[in-house]
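The values are calculated or read from the model by the stated rules, or taken from the named source; none is laboratory data. No experiment lies behind these values; they were computed from the predicted model shown. Note that we place each Cβ from the backbone using ideal geometry, even for glycine, and neighbour counts take in every protein chain shown.
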Amino acid sequence: MKTQITYRKLDGGESVALVNGSISEITQAKRELANWLELPSMKSGDGTQEDLDGRLRQGGIAPESVQFNHISE
């Protein structure tokens, strides 16, 4: 199974990523997208949790725009 992740760039452009595997929640979709785009990892202010939204914003992606759909092969 593959998952299609759609997202909007901060400049307004729309893009799509196709990743292997099944995604079940938005946090996982954001992490997979950030990894797929090879964005550098970031920690939250206290350094204990990954800052996925910050990571996406730094990569030019609007975090609130991330959506995912499963695709059968």
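Results, tabulated for the structure shown:
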read-out: Failed condition for Met42, given (1) free of Cβ contacts under 8 Å to residues at least 24 places away in the same chain; (2) touching a Ser or Thr at 6+ places or on another chain (Cβ under 6 Å); value: (2)
read-out: Segment 11-42: number of residues that are over 12 Å from the mean Cα position of the chain (by Cα) and of a type in the set (Asp, Glu); value: 2
read-out: Conditions (1) touching a residue at least 40 places away in the same chain (Cβ under 8 Å); (2) over 14 Å from Asn69 (Cβ atoms): number failed by Leu18; value: (2)
read-out: Some residue of segment 23-40 being touching a strand residue (DSSP E or B) at 6+ places or on another chain (Cβ under 8 Å) and among the polar types (S, T, N, Q); value: no
read-out: Condition check for Met1: surrounded by fewer than 15 Cβ atoms within 10 Å (Cβ to Cβ) and of a type outside the set (Lys, Arg); value: yes
read-out: Failed criterion for Phe68 (all others in (1) out of contact with any Lys or Arg (no Cβ under 8 Å at 6 or more places or on another chain); (2) surrounded by fewer than 16 Cβ atoms within 10 Å (Cβ to Cβ); (3) not basic (Lys, Arg) hold); value: (2)
read-out: Search result, residues across segment 1-24 that are acidic (Asp, Glu) and modelled with pLDDT of 95 or more; value: Glu14
